[in-house]
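Worksheet for the structure shown next.
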Amino acid sequence: MSRRKRSHESRGTPNRPRFWGKHAVSAALDNPDRKVLRAWATRDAASFMQFPKDVAVTLAEAPDLGRLVPSDAPHQGVVIEVEPLEEVWIDDLLTEAPERAVLLVLDQVTDPHNVGAILRSAAAFGAIGIVTQDRHSPPESGVVAKAASGALERVRWTRVVNLARALDDIGEAGFWRIGLTGDADTDLKDALGPPRVAMVLGAEGAGMRPNTREHCDALARLPISDSVESLNVSNAAAVALYAASVG
């Protein structure tokens, strides 16, 4: 095995991701659906973290923990290795949705920081979940968990093979599908209305793909100032979620 591969695996893999930081780790420990495999902590952090009795905790100094995670990751004295959560099927997500619900659909948003921040906003505004395309979205990781600040454990995340087909299913479940794009003629507040809303956001730069736009019921823009061209996708998601929550 090469030195480069050993270094990568020492920081976790998609099948055994490592989470760090007090909020991300505490949320994972509190989630009965999350399997924790290993844990490392400073003596101070181990004194107040509620580790399961069946998980061996290795006491370590802060510099040693830094070698378990990506460079400069703010581990705050605690690192855990976990199994990914069980897959959430879109049929289950839609069937269990209440009469009034907001769902986020991400079209090839691949930055783990953005996906984590979107999960955090989804939790804050009560969205029932997010939908991504499995080959064009990040896996569960420490970066996603840290940016989500615990929301990775609370917001249902469905990965699908075909996003257009998933949008068809979402529409058939009674969701009004709104694609957010800066070139739309309608403001988001005017596109809202039905009690079930799915808001579709595209990747930064490229935006929504043409086929994704065609599977939306309406296209809408956020009424931002002309002084900026666009918002970061995670910021746009937060604004859109707020608009849907008060609309």
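The values are calculated or read from the model by the stated rules, or taken from the named source; none is laboratory data. These numbers were taken from a predicted model, which means no experiment stands behind them. In this analysis, Cβ positions are derived from the backbone assuming ideal geometry, glycine residues included, and neighbour counts consider all displayed protein chains.
Taken over the range 177-191, residues that are assigned to a helix (DSSP H, G or I) and among the acidic types (Asp, Glu) amount to 1.
The numbered conditions (1) over 17 Å from ASP107 (Cα atoms); (2) of a type outside the set (Phe, Trp, Tyr); (3) not in a loop (DSSP other than H, G, I, E, B) are all true for GLY174 except (3).
Being surrounded by fewer than 22 Cβ atoms within 10 Å (Cβ to Cβ), more than 18 Å from the chain's Cα centre (by Cα) and on the phi > 0 side of the Ramachandran plot is the requirement here; does GLN76 meet it? Yes.
Of PHE51, PHE19, all but one fail to be modelled with pLDDT under 95 and either assigned to a loop (DSSP other than H, G, I, E, B) or more than 30 Å from ASN211 (Cβ to Cβ) (or both); the exception is PHE51. When the range 132-163 is limited to residues that are of a type in the set (D, E, K, R) and in a strand (DSSP E or B), the one that is nearest to the chain's Cα centre (by Cα) turns out to be ARG156. Within the range 128-139, the set of residues being of a type outside the set (S, T, N, Q) and either surrounded by fewer than 24 Cβ atoms within 10 Å (Cβ to Cβ) or on the phi > 0 side of the Ramachandran plot (or both) comprises ILE128, GLY129, ASP134, ARG135, HIS136, PRO138, PRO139. Cβ-Cβ below 6 Å, separation at least six or inter-chain, first residue in the range 211-229 and closer than 12 Å to GLY179 by Cβ, second surrounded by fewer than 16 Cβ atoms within 10 Å (Cβ to Cβ): which pairs? As it stands, the answer is ASN211/ALA164; HIS215/ALA164; ALA220/THR186; ARG221/GLY182, since those pairs meet every condition given.
When ALA166, ALA243 are screened for being more than 28 Å from PRO139 (Cα to Cα) and part of a helix (DSSP H, G or I), only ALA243 passes. Screening ARG154 with (1) surrounded by 15 or more Cβ atoms within 10 Å (Cβ to Cβ); (2) out of contact with any Pro (no Cβ under 9 Å at 6 or more places or on another chain) gives one miss only, at (1).
Just to be sure before I move on: is VAL88 surrounded by 21 or more Cβ atoms within 10 Å (Cβ to Cβ), assigned to a loop (DSSP other than H, G, I, E, B) and in contact (Cβ under 8 Å) with a residue 60 or more places away in the chain in the structure I sent? Here the answer is no, as VAL88 does not meet what is asked. Of the residues making up the range 93-106, those that are more than 17 Å from SER121 (Cα to Cα) and either of a type in the set (Lys, Arg) or surrounded by 13 or more Cβ atoms within 10 Å (Cβ to Cβ) (or both) are LEU93, LEU94, ALA97, ARG100.
Among the residues of the range 44-69, just one is surrounded by fewer than 16 Cβ atoms within 10 Å (Cβ to Cβ) and touching a residue at least 40 places away in the same chain (Cβ under 8 Å), namely ARG67.
Among the residues of the range 183-211, the one identified as touching a helix residue (DSSP H, G or I) at 6+ places or on another chain (Cβ under 6 Å), closer than 24 Å to HIS113 by Cα and either of a type outside the set (A, V, I, L, M, F, W, C) or surrounded by fewer than 16 Cβ atoms within 10 Å (Cβ to Cβ) (or both) is GLU204.
Just one of the listed residues (LEU94, LEU104) is more than 24 Å from PHE19 (Cβ to Cβ), assigned by TED's automatic domain parsing to the domain that holds ALA218 and either part of a loop (DSSP other than H, G, I, E, B) or at pLDDT 95 or above (or both), namely LEU94. For the range 191-247: of the residues being within 22 Å of the chain's Cα centre (by Cα) and polar (S, T, N, Q), which is modelled with the lowest pLDDT? Top of the filtered list is SER230.
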